[in-house]
Amino acid sequence: QVQLVESGGGLVQPGGSLRLSCAASGRIFSINDMGWYRQAPGKQRELVAAIISGSRTNYADSVKGRFTISRDNAKNTMYLQMNSLKPEDTAVYYCNAGVKTTALDFARNYWGQGTQVTVSS
């Protein structure tokens, strides 16, 4: 019904930048909250950044001042601009969205398949 597809991951040197995208498609009436999560090997998945109620943003302390989350509602797409990347940012990054498929439906939680970000020299 609803698919979230991430793109933009890759290998980057410390101090470099990447821009992740998350495109939502399928049967979409509206998208509520959206967020980026990441999971490093041997660690739990953690919230990186979120857009709440369409405009308010939250960031993990570890990425504040370096990452910027945004969304383009017309394209059903969310972005994560990552600057000043550090080796500890290495992880699989997942997008998450609360999506209503009809006007009467409750918003359901959907996940993308993840995109690998590796920060290494």
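The values are calculated or read from the model by the stated rules, or taken from the named source; none is laboratory data. Keep in mind it's a predicted model, so treat the numbers as computed, not measured. Note: ideal-geometry Cβ built from the backbone for every residue, glycine included; neighbour counts use all protein chains shown. Heavy atoms of the whole protein, side chains included, go into the accessibility calculation; ligands, DNA and RNA do not. Shrake-Rupley method; radii C 1.70, N 1.55, O 1.52, S 1.80 Å.
Accessible surface area normalised per residue over the chain is 53 Å², counting heavy atoms of protein chains with a 1.4 Å rolling probe. Could you please report the charge total around residue 65, scoring K, R as +1 and D, E as -1 over all other residues with beta-carbon less than 14 angstrom from its beta-carbon? Once positives and negatives cancel, what remains is +1. Which one of 91, 74, 118 is farthest out on the positive end of the charge dipole of segment 66-121, using unit charges on Cβ (Lys, Arg +1; Asp, Glu -1) and the Cα centre as origin? Sorting the options by dipole projection puts first 74.
For the chain, with all protein chains in place and a probe radius of 1.4 Å, 48% of the accessible heavy-atom surface sits on carbon or sulfur. Taking a sphere under 9 Å around the Cβ of residue 117 and counting the other residues whose Cβ falls inside, with K and R at +1 and D and E at -1, yields a net charge of 0. Neighbours of residue 51 by Cβ distance under 12 Å: Lys/Arg scored +1, Asp/Glu scored -1, total 0. Highest mean packing first, where packing is the average number of other Cβ atoms within 10 Å per residue, the peptides 35-43, 17-25 line up as 17-25, 35-43. If the segment from residue 61 to residue 27 were pulled out straight at 0.36 nm per residue, it would be longer than the present Cα-Cα gap by 8.8 nm.
Determine, at each q value in 0.18 (inverse angstroms), the log₁₀ of I(q)/I(0) that the Debye formula gives when each Cα of the chain is one equal point scatterer. At q = 0.18 Å⁻¹ the computed log10 ratios are -0.88.
For the peptides 70-79, 53-62, the ranking by packing is 70-79, 53-62, with the highest mean count of neighbouring Cβ atoms within 10 Å listed first.
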